[in-house]
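The values are calculated or read from the model by the stated rules, or taken from the named source; none is laboratory data. Since this is a predicted model, take the numbers as computed values, not measurements. Glycine also receives a Cβ, built like all others from the backbone with ideal geometry; neighbour counts cover every protein chain displayed.
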Amino acid sequence: MVIYTVSALIIGLLVGIAHINNSVLALLTSNTDLILYILMFSVGISIGMQDDVLTKIKQYNIKIFIIPLGIIVASFAAGFICSLLTGIPYSYSTAITSGMGWYSLSGATISKLVNAELGSIAFLSNLMREIFSFFIIPFIALRFNYYTCIAPAGATSEDTTLPMMLKYTNEHTVVLSVLNGIICSFFVPILISLCLSL
Amino acid sequence: MDIIIVMCIGIIIGNFIKFKQTKIINEKIQLISTIALIFAMGVNIGSKENFVDELASLGITSFIFFIIPTILSIFVVYFLTKRFMDGQKEKGE
């Protein structure tokens, strides 16, 4: 996924710099609304198809929401700090940090709903978050606690960073990691949309 | 707000889909639409006249937007799990 999306970004940049223009490109760039709707519909289907989520939530009770709640609140608060540091309006900066590591979706969505520059900041910052997670998880497992390993991974804790959880934490944390990823992934599009309407 | 409605419609429909084949097709649709949107984003940024000049500032801003939420998430989750969750001593010991 990383290779595909980073390649798409680089090729897109080169096409843009070269000012290449043809009917296929025009068709693509003029129908990004439709593509975004298809993506969101598809994300919804993925969430809807998750098996036994409610059963697991009941099994692990209300405490399973502590980690995603912490990640969401911290990411949202960080958006305000970033707004102060960069001068980017807080509605945009909170939308960017609401990506919680899901770089492809946040980059594409913010690019479409705001502009390409903020979309690229969302893409790069959330990509950095995912890559950084791979390196920091072993350190957190050693110095903090297993649960905290889920924090940097954010919405990616159910897929790309899950192998690191498997290697450096325990079975209980891995289950919480999957559930956290599902919950955060569910909230990413909602938070982006809500933040942009602030 | 439109995107939330579209996503919710997807969730409702997804609840009724149980075929593994659909999951594979759905993942491909997600990948293709994501790539198309990221590519379009690249074209938009690249076609800006002063893109190369803005590249450094884009990198610094992205770094700020990466490091602050990540570090803050780590400390907030550590505090919450230590305070409210069982087995807070669970680590490599």
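Go through the range A:1-93 and tell me which helices (runs of 4 or more DSSP H), entirely inside it, have 3 or more residues that are within 29 Å of residue B:33 (Cα to Cα) and over 21 Å from the mean Cα position of the chain (by Cα).
A:2-17, A:23-30
Filter the range A:1-47 down to the residues that are small (Gly, Ala, Ser) and closer than 19 Å to residue A:124 by Cα and list them by number.
Scanning the range A:1-47 gives A:7, A:8, A:12, A:16.
Working carefully through the options A:131, A:110, find the one that is of a type outside the set (Asp, Glu) and at pLDDT 90 or above.
A:110
Do we find that residue A:100 is at positive phi and at the interface with another protein chain (Cβ under 8 Å from one of its Cβ atoms) in this structure?
So residue A:100 fits the description; yes.
Name the single residue that is farthest from the other protein chains (Cβ to nearest Cβ) among those in the range A:70-97 being polar (S, T, N, Q) and closer than 26 Å to residue A:43 by Cα.
So the residue we want is A:91.
So is residue A:43 surrounded by fewer than 18 Cβ atoms within 10 Å (Cβ to Cβ), over 25 Å from residue B:45 (Cα atoms) and facing chain B (nearest Cβ under 7 Å) or not?
No.
Is it true that residue A:139 is in contact with a helix residue (DSSP H, G or I) (Cβ under 9 Å, 6 or more places away or on another chain) and either part of a helix (DSSP H, G or I) or surrounded by fewer than 22 Cβ atoms within 10 Å (Cβ to Cβ) (or both)?
It is false that residue A:139 is in contact with a helix residue (DSSP H, G or I) (Cβ under 9 Å, 6 or more places away or on another chain) and either part of a helix (DSSP H, G or I) or surrounded by fewer than 22 Cβ atoms within 10 Å (Cβ to Cβ) (or both).
Six or more apart or on different chains, Cβ under 6 Å: which pairs go from a residue in the range A:136-148 that's more than 7 Å from chain B (Cβ to nearest Cβ) to one that's part of a helix (DSSP H, G or I) and of a type outside the set (A, V, I, L, M)? Could you list them?
Partner pairs satisfying both residue conditions: A:136/A:152; A:137/A:149; A:137/A:168; A:138/A:168.
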